[in-house]
Amino acid sequence: MTVDEQFAYLTKGAAEVIRADELKAKLDQSAKTGKPLRVYLGVDPTAPDIHLGHTVVLRKLKHFQDMGHTAIFLMGDFSAMIGDPTGVSETRPPLTREQVDANAKTYLAQVFKILDREKTEVRYNSEWLGKMASHEIVRLCGHYRLARMLEREDFRSRLEKNHPISVHELLYPLLTACDAVSLQSDVELGATEQKFNLLVHRDIQREYGQPAQAVLMMPILEGLDGVQKMSKSLGNYVGITEPAAAMFGKLMSISDTLMWRYYELLTDATPMEIAELKSAVSTGTAHPMNIKKSLARRIVADFHGGEASAQALADFEAQFQEGLLPEDIPSRDLALREPGKLFRLLTGLGLFGSNAEAQRKIKEGAVYMAELDSSNQPCWRRMADPTWIFDPAAHRQVVFRAGKRLLKITIV
RNA sequence: GGACAGGUGGCUGAGCGGUCAAAAGCAGCAGACUGUAAAUCUGCCGGCCCAUGUGGCCUACGGAGGUUCGAACCCUCCCCUGUCCA
């Protein structure tokens, strides 16, 4: 592969490259000397799980790895304890050492679903940040100007709204710049929202006498709602450890518009293939639902394998298109003797958060019950009376449906 | 250290003595329609209880006290945030 081809492949799907000519020169240099580029992605383990949004940039790191460059996965175990101010309108509560360690552990296992474990250099930024003396930190701060720091949108909008900014938040980009310096990186990957931090990293590298790394930014993946970015706190995410069926279902719930975005950022489909699918849908030769099914199949296969993915599709079709019950309904055994109000039972089972909510939902017609027989073709009965009494003697095994949730109950 | 402004439900934000479980918007949940899609429309959106009603009770407008028949709203102190001055 020529340098130009490599460059085209590596920047596919990228939102921005700073600077493209520098990256090309680095690739060129690497090709001539045979010395692989050091490419890193820093991630703060602020939550125990990663979701599809994180995989966009991980996938890009893998591309570099596939091209023979050195992929460095940097665990921001130290920086996670400061908290990245990017995109937040409030100071984040700092994580404890214990939380960070626990998250880092689960993160790695998930990261290797995409990266090649053998070929990946895994580093922790506590290696160097944890050892910094206060005079070194002071010196580091001396390399950057407050006015420039306050230029960034996050801080500016907080200042305008008279919201608090804590001093330690200013330190975040400076400290993570030490990662780039310590790793002597040639390229850093990140999401577009990281732009400010990434640029600071370049500046600080230069201040410490190193050539500035090239920066490659990937777009932010929209969540299932199609509007806000995918994030766990918004609940619009697909976790990569989720069961195949859940993953499949969530992917099927995205809008038709959003599915093209997912094709672009979450699959290896080439822009050409995607364009073909699009034209097939617009000319009516393909049904968008089928195109979405194959999207879901591809993504689920990445994390669960082809077989599980095919099964997920089959289950989906059986459940939602033929009305059958899925195989793996959550089920509970219940030692219940006395008859009682249905809403109380449902709250007790965790289907609703409170008795008041359960009663409301029953009135709204959101609750169904079906006796379980040998076939898994349920005969749903709408339970719209909030005073209805559930008698365990009369219903040995039933399935409740509360909105989208299902729960199987066996009286023991 | 001083002067000033502000702290209301998941968020934004109205209310500034009773008719306030608190407007409005967003988010969320559910129903209708569908392709478990989107869009749209409808309802709900603190909790407990009775049973179905313009029903009873409890908790809640930063915290603690106070004034009042009655406080998110007035007073005092405290905590938190911001602005200006030093």
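The values are calculated or read from the model by the stated rules, or taken from the named source; none is laboratory data. Just so it is clear, the model here is predicted, and its values are computed rather than measured. Don't worry about glycine lacking a Cβ; one is built from the backbone with ideal geometry, like all the others, and counts go over all protein chains shown. All accessible areas refer to the heavy atoms of the entire protein, side chains included, with ligands and DNA or RNA removed. Shrake-Rupley method; radii C 1.70, N 1.55, O 1.52, S 1.80 Å.
Computed quantities for the displayed model
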{"read-out": "Angle in degrees between helix A:195-207 and the longest Cα principal axis of chain A, rounded to the nearest 10", "value": "30 degrees"}
{"read-out": "Formal net charge of residues neighbouring A:GLU371 (Cβ-Cβ distance under 11 Å; K, R +1; D, E -1)", "value": "+1"}
{"read-out": "Charge sum, other residues only, whose C-beta stays under 9 Å from A:PRO271's C-beta, Lys/Arg counted +1 and Asp/Glu -1", "value": "-1"}
{"read-out": "Cleavage-rule hits (trypsin sites (Lys or Arg not before Pro)) in the stretch A:1-35: DSSP loop, at most 12 neighbouring Cβ within 10 angstrom", "value": "none"}
{"read-out": "Candidates per trypsin sites (Lys or Arg not before Pro) in the stretch A:369-412, loop by DSSP, up to 10 other Cβ within 10 Å", "value": "A:LYS404"}
{"read-out": "Environment charge at A:LYS35 (Cβ cut-off 13 Å; Lys +1, Arg +1, Asp -1, Glu -1)", "value": "+1"}
{"read-out": "Probe 1.4 Å, protein heavy atoms only - accessible area per residue of chain A in square angstrom", "value": "49 Å²"}
{"read-out": "Solvent-accessible area, 1.4 Å probe, carbon plus sulfur percent, for chain A", "value": "53 percent"}
{"read-out": "Accessible area of A:HIS168 in the full protein assembly, 1.4 Å probe (Å², nearest 10)", "value": "70 Å²"}
{"read-out": "Calculated [θ] (222 nm, deg cm²/dmol) that DSSP helices of n ≥ 4 give over chain A, each run adding -39,500 (n - 2.57)", "value": "-13500 deg cm²/dmol"}
{"read-out": "Links that overshoot a 24 Å alpha carbon limit, given the list A:LYS292/A:LYS363; A:LYS232/A:LYS361; A:LYS24/A:LYS60; A:LYS24/A:LYS278; A:LYS113/A:LYS408; A:LYS361/A:LYS408", "value": "A:LYS292/A:LYS363; A:LYS232/A:LYS361; A:LYS24/A:LYS278; A:LYS113/A:LYS408"}
{"read-out": "Prolate/oblate/rounded call for the stretch A:151-240, Cα gyration tensor, a/c under 1.5 rounded", "value": "oblate"}
{"read-out": "For A:ALA214, distant residues with modelled amide H under 5 Å away", "value": "A:VAL187, A:GLU188"}
{"read-out": "Under the Debye formula (equal points on every Cα, no solvent term), log10 I(q)/I(0) of the stretch A:244-321 at q = 0.14, 0.18, 0.19 Å⁻¹", "value": "-0.42, -0.70, -0.77"}
{"read-out": "Neighbour cut-off at most 10 other Cβ (10 Å), DSSP loop, trypsin sites (Lys or Arg not before Pro), the stretch A:301-370", "value": "A:ARG337"}
{"read-out": "Distance between the stretch A:153-197 and the stretch A:259-275 - C-alpha centres, whole angstrom", "value": "30 Å"}
{"read-out": "Part-to-part distance (alpha-carbon centres) for the stretch A:198-244 and the stretch A:18-60, which is given in Å", "value": "11 Å"}
